[in-house]
Amino acid sequence: MQESHLKKVSNKDEDIALVHRAQKGDYRAFDLLILKYQARVITLANKFVNDKQIAEDIAQESFIKVYKSIGSFRGESAFFTWLYRVAVNTAKNYLSSKKRKKEMLVSDITDSDTTDPLSALTTESPEDILAANNLREIILKSFGDLPEEIRTALSLREFEGLSYQEIGKILDCPVGTVRSRIFRGREQIQEAIDHLLPSSIHAGNERRKKE
C-alpha cells in the first residue's frame, strides 16, 4: 500500500516537473505529457462517441486546450485530473453540438483489457441465462440510456479506475454527488438485468427438464 502511494506521488511530481518545463516554452516536455496520456484520453473520449477517429480528434482538441492554458496550471491537483476534466468537457461539448447525447458510452465491454467491471451485476449462474448475448446487449443498452452525468461518473469509476475524489475534481462536484450518481447507475443497470433474468432462468429450467 505504501509503495503504491509513493509511486503515485512520484508520478504526480514527474508530471508537475514536465508542466513547469512546458510553461517555460519547452515543447518537448509537453510532447512527453501527450505521449504519456494520449492513449488514455482517446479511450476516455471513445466511451462517449464510440468512434475512434472522432475520439482521436477530441483528444487532440483537449491537448490543444490544455497547452493553451498551461500557464494557468498551479499544481493544486494532479495534471491528469485537469487533463481528464478538459477531455470530458470537450467530449460533452461535441455530443451537445451534434445532439447525440444518447450515444453509447462504451464501444464494447467484452473487449476491455481489464476484468469486466459490470460482471458483478450479472448472475453467478450463467447456465441459467437462455441467451448470454442478450444479457450483454441489455447491459450495453441500459448503460447507454443512463443520463449523461451518471454515465460519465460510472465510466470514470468502472473503466478508468479513478477514485471518487478524482472523479469529483474532474466533474467539479462533491464526492457525495459522485457516489450517488454511481450508485444510481449501477442500480438502473441491475434493474434492467433483473427484468431479463426471471424469464431466462425459467426458460433454462424448462429446457433442462426436456433434456
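The residue that is modelled with the highest pLDDT, counting only those in the range 4-44 that are of a type in the set (Gly, Ala, Ser) and under 23 Å from the mean Cα position of the chain (by Cα), is Ala39.
The single residue among Ser72, Ser62 that is in the same structural domain as Ser97 (by TED's automatic domain parsing), of a type in the set (Ser, Thr, Tyr), out of contact with any Lys or Arg (no Cβ under 8 Å at 6 or more places or on another chain) and under 21 Å from Glu160 (Cβ atoms) turns out to be Ser62. Among residues of the range 51-62 that are under 17 Å from Tyr84 (Cα atoms) and modelled with pLDDT of 90 or more, those with a Cβ under 7 angstrom from a residue that is of a type in the set (Ser, Thr, Tyr) and part of a helix (DSSP H, G or I), sequence gap 6+ or separate chain, pair up as Ile58/Thr90; Ile58/Tyr94; Glu61/Thr90; Ser62/Thr90. Where residues in the range 14-55 are more than 21 Å from Lys68 (Cα to Cα) and among the charged types (D, E, K, R), which of them is surrounded by the most Cβ atoms within 10 Å (Cβ to Cβ)? This residue is Lys47.
Being part of a helix (DSSP H, G or I), among the basic types (Lys, Arg) and closer than 15 Å to Phe73 by Cα is the filter here; which residues of the range 10-35 pass it?
Of everything in the range 10-35, those that are part of a helix (DSSP H, G or I), among the basic types (Lys, Arg) and closer than 15 Å to Phe73 by Cα turn out to be Lys12, Arg21.
One line per residue, one yes/no per condition, for (1) surrounded by 12 or more Cβ atoms within 10 Å (Cβ to Cβ); (2) part of a loop (DSSP other than H, G, I, E, B); (3) modelled with pLDDT under 85; (4) within 14 Å of the chain's Cα centre (by Cα):
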{"residue": "Arg85", "(1), (2), (3), (4)": "yes, no, no, yes"}
{"residue": "Val88", "(1), (2), (3), (4)": "yes, no, no, yes"}
{"residue": "Lys102", "(1), (2), (3), (4)": "no, yes, yes, no"}
{"residue": "Thr110", "(1), (2), (3), (4)": "no, no, yes, no"}
{"residue": "Ala120", "(1), (2), (3), (4)": "no, no, yes, no"}
{"residue": "Phe143", "(1), (2), (3), (4)": "yes, no, yes, yes"}
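The values are calculated or read from the model by the stated rules, or taken from the named source; none is laboratory data. Every value quoted in this text rests on a predicted model; they were computed, and no experiment measured them. Heads up, the Cβs are rebuilt from the backbone with ideal geometry, glycines too, and the neighbour counts pull from every protein chain shown.
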